[in-house]
Amino acid sequence: MRTFFIILYGSLFFSSLAFAASSAHDFRLLSSAFENNGTIPRQYTCDGDNMNPPLKFKNIPFGTKSLALIVFDDDAPGGRWSHWVVYNIPPIEADVGRDTSPGAEGVNDFGKEGYGGPCPPGGKLHHYIFCAYALDSILNINGNPSIVELEKAVKDHIVDQTQMVGTYQK
């Protein structure tokens with residue numbers, strides 16, 4: 001009987017390790033508004049209602065204490081341009097509704113807190129990178145961090161990270 005429990009415990013232990021390892025690599029960010037590498041609908045841009053699209057964190061790694069999200073345009077004429085800086089998102093909040101504030105917000109490159117939708121100059125297709133971070137702590141940040149300040153704050157706390165890309169063109 002003791003052998004049975006040792007085998008059962010061992011199989012459960014190693015199964016949980018396999019699950020934890022696989023779920024950490026399956027951490028994803030999705031949107032019901034557009035697919036990865038798909039076009040961001042106009043309503044989520046400066047040409048529409050300028051509200052954040054709905055997002056969903058999938059397979060949040062075990063041990064995650066908070067989530068962070070940054071959105072930026074890598075094709076902006078002056079270099080990377082931030083559109084959204086969010087941190088201390090509770091990991092139980094796997095769904096981010098459209099036009100919501102899921103956590104503490106930093107300042108984007110429009111000089112405002114909150115989401116600033118895609119607003120590229122005309123002509124060229126722009127890629128908007130939505131980077132999600134699963135963190136091992138709740139961040140203690142004073143003020144409203146910029147994208148660079150948030151990236152520095154998360155650097156030593158990343159459990160896993162993922163990204164999705166949306167495109168937009170005027």
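Just so it is clear, none of the values below were taken in a lab; they were calculated from the coordinates. Please read all numbers here as calculations on a predicted model, not as lab measurements. Note that each Cβ is placed from the backbone with ideal geometry, even for glycine, and that neighbours are counted across all protein chains shown.
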In segment 121-133, the residues that are within 22 Å of residue 42 (Cβ to Cβ) and buried (at least 22 other Cβ atoms within 10 Å of the Cβ)
128, 130
When the residues of segment 54-105 are narrowed to those that are among the aromatic types (Phe, Trp, Tyr) and buried (at least 16 other Cβ atoms within 10 Å of the Cβ), which ends up nearest to residue 152 (Cα to Cα)?
87
So which pairs qualify, if the first residue must be in segment 97-110 and in contact (Cβ under 8 Å) with a residue 40 or more places away in the chain and on the phi > 0 side of the Ramachandran plot, the second must be surrounded by fewer than 18 Cβ atoms within 10 Å (Cβ to Cβ) and among the acidic types (Asp, Glu), the Cβ gap must be under 9 Å, and the two must be at least 6 apart or on different chains?
99/49
Count, please, the residues in segment 109-135 that happen to be in contact with a helix residue (DSSP H, G or I) (Cβ under 9 Å, 6 or more places away or on another chain) and more than 11 Å from residue 72 (Cα to Cα).
3
Matching residues in segment 26-53 - criterion: being under 14 Å from residue 131 (Cβ atoms), surrounded by fewer than 21 Cβ atoms within 10 Å (Cβ to Cβ) and of a type in the set (S, T, N, Q):
36
Residues of segment 31-54 satisfying the condition of being in contact with a strand residue (DSSP E or B) (Cβ under 8 Å, 6 or more places away or on another chain) and either under 17 Å from residue 147 (Cβ atoms) or in a loop (DSSP other than H, G, I, E, B) (or both)
31, 32, 34, 36, 37, 40, 45, 52, 53, 54
Determine whether segment 141-150 contains at least one residue that is part of a loop (DSSP other than H, G, I, E, B), in contact with a helix residue (DSSP H, G or I) (Cβ under 9 Å, 6 or more places away or on another chain), free of Cβ contacts under 8 Å to residues at least 60 places away in the same chain and within 17 Å of residue 88 (Cβ to Cβ).
yes
